[in-house]
Amino acid sequence: MPIRPILRFPDPRLRLAAEPVTQFGAPLEALAADLLDTMRAAPGIGITAPHLGILARLTVLELPGEGQVRLYANPRVVWFSDETQDHVEGSVSMPGVTETLTRPARVRVTYQDKDGDVQVEEAGGLLAVCLQHEIDQLEGIFWVQRLSRLKRERAIRRFEKQSAAR
């Protein structure tokens, strides 16, 4: 499958909410394969269709050490724990810049699989972080928007400086 270009911050399309996936089966699997190849080349552990400029509620995750690709169409968080966890996050759309974010430690997510069947999954640890991060992106919330103003401005300056040096 082809590796597609990834939108780079501050592309305004990264702040648009994605539309629900309505076609399942082969078309969705082809897009998911492109997402996976593009994510691996970036490299990253999660990517959404909006990262490629496609406003569809689709994300693909491949967590280190799992050997498993996860596809989530139309995911949404339906429950989150009061307990929180800190984790370093970044984005394939803002390579080379990371910052620590605090998010709920556990989540329950509903989504549709590649065939359109509704699934429910409860997650903790890195999977919970990734699901929240990518679902935010599907909502048009770029990860730096979750940072304090000071941390956000610092991250953006680092990215601009790094981009100018290329």
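Each reported figure results from applying straightforward, stated rules to the coordinates on display, with no laboratory input. Everything numeric in this text was worked out from a predicted model, so none of it was measured. Because the Cβ atoms are built from the backbone with ideal geometry, glycine has one as well, and the counts that use them run over all protein chains shown.
Observations on the structure shown:
- Ascending count of other beta-carbon atoms within 10 Å, so fewest first, for Thr59, Thr98: Thr98, Thr59
- Here is the list for the stretch 23-131: GluC sites (Glu not before Pro) lying in DSSP coil, each with at most 15 other C-beta atoms within 10 angstrom of its C-beta, are Glu66, Glu83.
- Per-selection metrics, the stretch 12-155 (Cα): Rg and Dmax in Å: 14.4, 44
- Inter-centroid distance (Cα atoms) of the stretch 104-166 relative to the stretch 33-85, Å: 9 Å
- The Ser163 and Gln85 beta-carbon pair, evaluated with R₀ = 22 Å, returns a calculated FRET efficiency of approximately 0.15.
- Label zone of Thr102 (point 7 Å out along Cα→Cβ, amide N under 19 Å): in the stretch 123-150 this covers 125-126, 128-130, 132-133, 143-150.
- Of all complete DSSP H helices in the chain, those with a Cα span along the helix axis of 15 Å or greater and a mean Kyte-Doolittle hydropathy of -1.0 or more are 26-41, 125-138.
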